[in-house]
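These notes are about the structure you will find just below.
The values are calculated or read from the model by the stated rules, or taken from the named source; none is laboratory data. Everything quoted here is computed from the prediction, not taken from an experiment. Here the Cβ positions follow ideal geometry from the backbone for every residue, glycine too, while neighbour counts run over all protein chains shown. Remember, those area values only see protein heavy atoms, side chains included, never the ligands or the DNA or RNA. Shrake-Rupley method; radii C 1.70, N 1.55, O 1.52, S 1.80 Å.
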Amino acid sequence: MTQHDSHAMPPEAPEPGNAAPVDPLGPSVRASEGFKGTVDRALAMVVPVVADYAFVHLAEADGSIQEVAFQHRDLHKEPELALLLRELRGPMTARGSVIRAAIEEGTARQVGVPAGVMVAPASNQPLREAVDRLGPRSFMVVPLRVDDAIVGTISFARFEDDRPYDDHDLRFAKAVAGQTGLALSKVAQIQEVEQARREAIEAADEIGFQARLLDAVGEAVVAVDLEGKIVYWNRAAESLYGYQAHEALGRDLSVTAPADTDRAQLTAAMKALSAGDTWTGEVTLQRRSGEAFPARFTGTPFYDDSGDAQGIITVTSDLTQRKELEGQVIQAQRLQAVGGLAGGVAHDLNNALTGIQGFTELILQDLPPHSGARGDLQEIREAANRAAGLVQQLLAFSRRQLLQPRELDLNRIILGMSGVLRRVVREDIELVHDLANDLVPTRADPRQVEQVVLNLVQNAVEAMPTGGRLTISTGNRAIGTEEAESFQYFVREGAYAVLTVEDTGPGMPDDVKARAFEPFFTTKPPGQGPGLGLSTVYGIVKQSEGYVWIESQPQRGARVRVFLPETEVESHARDEPDASGRPVRILLAEDDEAVRTVVRRILEREGFQIMEASNGEEALGVARQGHFDAIVTDVVMPEMSGHEMVRALREEAVDIPVLFISGHTDDQVARAGIAEGGYAFLAKPFTREALLNKIRQILPRDVG
């Protein structure tokens, strides 16, 4: 039957990409029972409902078209139908036939067949009679699509009913073809999965050597087939997850994932792996014990020699230790951020407290000895002193105070504090000293080290409300490169003097220990301390280039260890100034008006001649216009800092004694300049006596 047969319906518009059909039904699919059952059921749906007989044709790779299934309604007529179809099989699929057109063009059509045109005139009489009785009177062909590819046709024929196929019949035929195509697609998928599984099992039998190599890898290597079943499990996986290989093989990979797995992350991973890509990410996995742990997971598909996917191979690294280190870094950054805020607030408070203390002392100087206001002013001064102490602790934690380090012996510091410590330690606490005889020298600010010892002892005393033992010990510790890398915290290699304060109190749980160095964190009831003791220790030790950490467990006491680096022994000699009593001219540079005023008035009462400047640039101009015996300058000022002003004078060969004053010195260059230049420094807030003592120390012998 060719396309010029009568009653042909207008062809449908061909769909793009169907001109050169690609057959997704391989030989293994066509040979399967699933394929045979599917096409037989499809033909059974239409015979005898809309056709007296129907058949399925499939296109072959060589361009030929083969009949693969056939059904008819009357088994008694099978011999005559066989004779008829053998005669018609060639013309039905020849070039120009409606079946070939349906495959090549993607069209469905109905065809009417007039009597007498099916066979040649020379055909034998039995064939002609068979055609007259059994030949199709109406014919309909529909493309068969599997996975959007045209693989063949389903054809329908009537020989007992002269009624031609109409549009209703065509829609029904298309529906049958569509359902058949979907069913064949499922058959193909099942065959592919089964084939892939068989090949994966065969591949697993061939990877013995590779498995032995992978057993030597330190990371957990796990392979799964396309169904997610574990087919390989190396020794590192046994250690990581807790399952032996014989226990894991054949199980689903989900055995390594907790119940609350991140579904979005899982979807992203499966999408990438399904596309043949490698997926890497940080995930939470689960050991056999139920313990969850962080891990770096990498999955990638693996293929056989022909390029077919066999499954997924995964490599997993335990990130538990790295996460702990990251947590320590985050904690250090958090402490640094809090310290920055504390340092900034402390600077402003110091300026205010300097004014309060200074003006209070000036008023006290002017009051008669028995004045009723003297007691109130003394209370104000004491309150300001207490506030100044809190500010100094904030500065110590923030590491923004300017230390005055020198070579020292920890043992001498501790022994020199014996009287103070005896007053701090209660009678129900046994104080034990265990000091090393050959302790290496270290370099730090002695007063700040005393503060460290005092804070640690006070903290230990408070941890033992019912008494106990408090041990203060010292020792040497040399840390090599390998040992330094093994520490839980970051430690540089080298020699250290170690201070240890240990108590027999209730110890600390991990959550308290993790926050112990935070400022204002305390486990004490409200009103029993601001929570700055250990944070002050942390700031002083870190600023002294040392290390401090806590070792503690509940009901087993606590041990705080301070590592201070060894230093070379230095010799220092300093002549004490001998004031001559003559008037002294001092240049005062300070941007805070209250501080500048109180300093000027204190110095003027002592007979000093004062010239003022509100910033470094103004002070530089004043210094160039006259002779001064000393300069008192703030460190950080607008327009030009005190350090920059002094450096400019040094470059002009102007050598004047300098006293730097500051609430803090956040500028690292300024701090370095003060330390390297050997300048005197006085931290705000300061008392009248402290200011005058510093002035006398910096003046030459023949001045003052």
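List of remarks:
- Residue that is nearest to Lys542 (Cα to Cα) [pool: residues in the stretch 417-446 that are in contact (Cβ under 8 Å) with a residue 12 or more places away in the chain and part of a helix (DSSP H, G or I)]: Pro446
The rows are residues; the columns are (1) open to solvent by 50 Å² or more (accessible area, probe 1.4 Å); (2) modelled with pLDDT under 85; (3) more than 20 Å from Val491 (Cα to Cα).
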{"position": "Glu518", "(1), (2), (3)": "no, yes, yes"}
{"position": "Gly531", "(1), (2), (3)": "no, yes, yes"}
{"position": "Ile540", "(1), (2), (3)": "no, yes, no"}
{"position": "Gln543", "(1), (2), (3)": "no, yes, no"}
{"position": "Ser552", "(1), (2), (3)": "no, no, no"}
{"position": "Arg556", "(1), (2), (3)": "yes, no, yes"}
{"position": "Val560", "(1), (2), (3)": "no, no, no"}
{"position": "Phe563", "(1), (2), (3)": "no, no, no"}
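- Cβ-Cβ under 7 Å pairs, at least 6 apart or on other chains, the stretch 129-153 side of a type in the set (Lys, Arg) and part of a strand (DSSP E or B), far side buried (at least 18 other Cβ atoms within 10 Å of the Cβ) and modelled with pLDDT of 85 or more: Arg145/Gly181
- Listed by first and then second residue, the pairs with beta-carbon distance under 6 Å, at least 6 apart or on different chains, first residue in the stretch 367-394 and at pLDDT below 75, second open to solvent by 50 Å² or more (accessible area, probe 1.4 Å), are Val391/Leu349.
- Among residues of the stretch 186-233, those that are modelled with pLDDT of 85 or more, among the β-branched types (Val, Ile, Thr) and under 14 Å from Thr314 (Cα atoms), counted: 5
The rows are residues; the columns are (1) over 19 Å from Thr300 (Cα atoms); (2) among the hydrophobic types (A, V, I, L, M, F, W, C); (3) not in a helix (DSSP H, G or I).
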position	(1), (2), (3)
Leu214	no, yes, no
Gly218	no, no, yes
Val224	no, yes, yes
Ile230	no, yes, yes
Glu238	yes, no, no
Ser254	no, no, no
Asp260	yes, no, yes
Ala264	no, yes, no
Thr267	no, no, no
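- Residue-level analysis places Val632 among those that are in contact (Cβ under 8 Å) with a residue 12 or more places away in the chain, out of contact with any His (no Cβ under 7 Å at 6 or more places or on another chain), among the aliphatic types (A, V, I, L, M) and assigned to a strand (DSSP E or B).
- Per the listing Glu247, Glu238, Glu227, Glu199, the residue uniquely in contact (Cβ under 8 Å) with a residue 24 or more places away in the chain and surrounded by 15 or more Cβ atoms within 10 Å (Cβ to Cβ) is Glu199.
- Residue that is modelled with the highest pLDDT [pool: residues in the stretch 666-687 that are farther than 21 Å from Ile610 by Cβ and open to solvent by less than 20 Å² (accessible area, probe 1.4 Å)]: Ile674
- Which numbered condition Gly663 misses (of (1) at pLDDT 85 or above; (2) in contact with a Ser or Thr (Cβ under 9 Å, 6 or more places away or on another chain); (3) not basic (Lys, Arg)): (1)
- Test: residue in the stretch 127-137 that is surrounded by fewer than 21 Cβ atoms within 10 Å (Cβ to Cβ) and at pLDDT 70 or above: yes
- Residues located in the stretch 41-54, provided they are open to solvent by 50 Å² or more (accessible area, probe 1.4 Å) and either more than 30 Å from Arg163 (Cα to Cα) or among the charged types (D, E, K, R) (or both): Arg41
- Checked against the criterion of being assigned to a loop (DSSP other than H, G, I, E, B), open to solvent by less than 10 Å² (accessible area, probe 1.4 Å), at pLDDT below 80 and not charged (D, E, K, R), the stretch 651-660 contains not a single residue that satisfies it.
- So Val141, is it modelled with pLDDT of 80 or more and in contact with a Phe, Trp or Tyr (Cβ under 6 Å, 6 or more places away or on another chain): no
- Selected residue (only one of Leu456, Leu470 is modelled with pLDDT of 90 or more, more than 40 Å from the chain's Cα centre (by Cα) and surrounded by 15 or more Cβ atoms within 10 Å (Cβ to Cβ)): Leu470
- Enumeration of residues in the stretch 395-411 that are modelled with pLDDT of 65 or more and either open to solvent by 70 Å² or more (accessible area, probe 1.4 Å) or part of a helix (DSSP H, G or I) (or both): Gln404, Arg406, Leu410, Asn411
- Subset of the stretch 304-316 [farther than 19 Å from Ser274 by Cβ and open to solvent by less than 30 Å² (accessible area, probe 1.4 Å)]: Thr316
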